[in-house]
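Colleague: Right, I'll just put the structure down here and ask away after.
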Amino acid sequence: MYREPELPPDVPPPGVAVARALMTRRAVRAFLPTPVPRGTVESILMLAARAPSGTNAQPWKVTVCTGRVRDALAAELTAAHFGPPSLQSEEYAYYPRQWRDPYLARRRKLGWDLYGLLGIAKGDREASARQHARNFDFFGAPVGLFFTLDRDLEQGSWLDCGMFIQSVMIAARAYDLHTCPQAAFTPFHRIVRRHLAIPDSEIMLCGMALGHVDADALVNQLNTERESVGVFTRFLGD
Ligand SMILES: Cc1cc2nc3c(=O)[nH]c(=O)nc-3n(C[C@H](O)[C@H](O)[C@H](O)COP(=O)(O)O)c2cc1C
């Protein structure tokens, strides 16, 4: 049963909309096929582009795919996922090469919770691969987004893009839409590039599914937890 996280009790009334947008954003992994108008996607991107960036450089680039372009890409990616490993090539390491605690424990918990919810037993590689494959169909969402960045930019621009990407997810909530950020595409960037004419001069940071949540889907019952503020924060001074 999905439980919407509670807002902090001290949120003043004018702040409730912002707090709710933050608290109700979650990675949705089953969407309805209901289309999202292009105008809505443009509004979401316009809001997200208010994200800050060092010297206002605005380094983010977005490719939006829908309809036949989305379907053709999804079909080839799904086939490639079940195909030979030679079809995969990582451009950058999103995840640590060597996992360690506390990150490993958190990662494991997510895996157990997600796969446990879906009844996928530990070690059932076929069922895990089938669930992972849902990524490549954007979990059924009608809109796929890809975030890219000019390769010659520095780490600061990655930070800027991260803020932009989060802003897209929060802005989507203003339209009662949901998202799932997706690093799953990154090993298949060559296929994505070919379908969407993304030049080699841009690095593909991640993809994202955007659409209406399928509230009845079991996978969307997942609750994720967060560490309390005291675990990751030090307050110094009075
Ligand atoms: C950049 C990024 C890439 C992600 N890639 C994937 C992905 O490929 N597939 C997926 O199902 N979830 C993906 N996630 C979602 C995370 O698993 C999720 O954000 C995390 O478990 C916390 O859950 P919540 O977003 O529902 O609060 C990604 C998240 C981020 C920020």
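The values are calculated or read from the model by the stated rules, or taken from the named source; none is laboratory data. What you see is a predicted model, and the numbers here were worked out from it, not measured in a lab. Neighbour counts are summed over all protein chains in view; Cβ atoms, including those assigned to glycine, are modelled from backbone coordinates with ideal geometry. Only protein heavy atoms, including side chains, enter the accessible area calculation; ligands, DNA and RNA are left aside. Shrake-Rupley method; radii C 1.70, N 1.55, O 1.52, S 1.80 Å.
Colleague: Please find, in a Gaussian network model of the chain (springs between Cα atoms separated by less than 10 Å), the residue of Gln155, Gln166, Gln58 whose mean-square fluctuation is greatest.
Modeller: Gln155
Colleague: Calculate, for Arg106 and Arg68, the FRET efficiency according to 1/(1 + (r/R0)^6) with r their C-beta to C-beta distance and R0 45 Å; round to the nearest 0.05.
Modeller: Step by step, r from the Cβ atoms, then E = 0.70.
Colleague: At a 1.4 Å probe, what is the % contribution of carbon and sulfur to the accessible area of the chain?
Modeller: Within the chain, the accessible surface is 56 percent carbon and sulfur.
Colleague: Give the shape of the chain as rounded, prolate or oblate, defined through the alpha-carbon gyration tensor: a ≥ b ≥ c are the square roots of its eigenvalues, a/c under 1.5 means rounded, and otherwise the shape is prolate if a/b is larger than b/c and oblate if not.
Modeller: Note, shape of the chain comes out rounded.
Colleague: By how many nm would the segment from Trp99 to Ala19 lengthen if fully extended, with 0.36 nm per residue of separation less the alpha-carbon distance?
Modeller: Extra length from Trp99 to Ala19 when fully extended: 25.6 nm.
Colleague: Moving on to the next point. For Ile120, what accessible area in Å² do you get when you roll a 1.4 Å probe over the heavy atoms of the protein chains, rounding to the nearest 10?
Modeller: 30
Colleague: Got a number for the accessible area of Asp113? Probe 1.4 Å, square angstrom, nearest 10.
Modeller: 50
Colleague: So with the 1.4 Å probe, I'd like the accessible area per residue for the range 172-238, rounded to whole Å². Could the numbers behind the result be given before it?
Modeller: Details: 3590 Å² over 67 residues.
Counting only protein heavy atoms, the per-residue value for the range 172-238 is 54 Å².
Colleague: Identify which of Ala72, Ala27, Ala141 has the largest mean-square fluctuation in a Gaussian network model of the chain, with springs joining Cα atoms closer than 10 Å.
Modeller: Highest fluctuation of the listed residues: Ala72.
Colleague: Using alpha-carbon pairs under 8 Å, 6+ residues apart, how would you state the relative contact order of the chain in percent?
Modeller: Details: 305 pairs, mean separation 87.5, N = 238.
Normalised by residue count, the contact order of the chain is 37 percent.
Colleague: Turning to a different aspect of this structure: Just reorder Met208, Met163 by solvent-accessible area, largest first, 1.4 Å probe, all chains present.
Modeller: Numbers: Met208 0, Met163 75 Å².
From most exposed to least exposed: Met163, Met208.
Colleague: Using a basic spin-label model with each label point 7 Å from the Cα along Cα→Cβ, how many nm lie between Asn223 and Ala183?
Modeller: For the pair Asn223/Ala183, the computed spacing is 2.6 nm.
Colleague: With contacts defined as alpha carbon pairs under 8 Å and 6 or more residues apart, what's the relative contact order of the range 124-207 in percent?
Modeller: Worked out over the range 124-207, it gives 42 percent.
Colleague: Rounded to the nearest 10 Å², what accessible area does Val18 show when all protein chains are kept and the probe is 1.4 Å?
Modeller: Solvent-accessible area, nearest 10 Å²: 90 Å².
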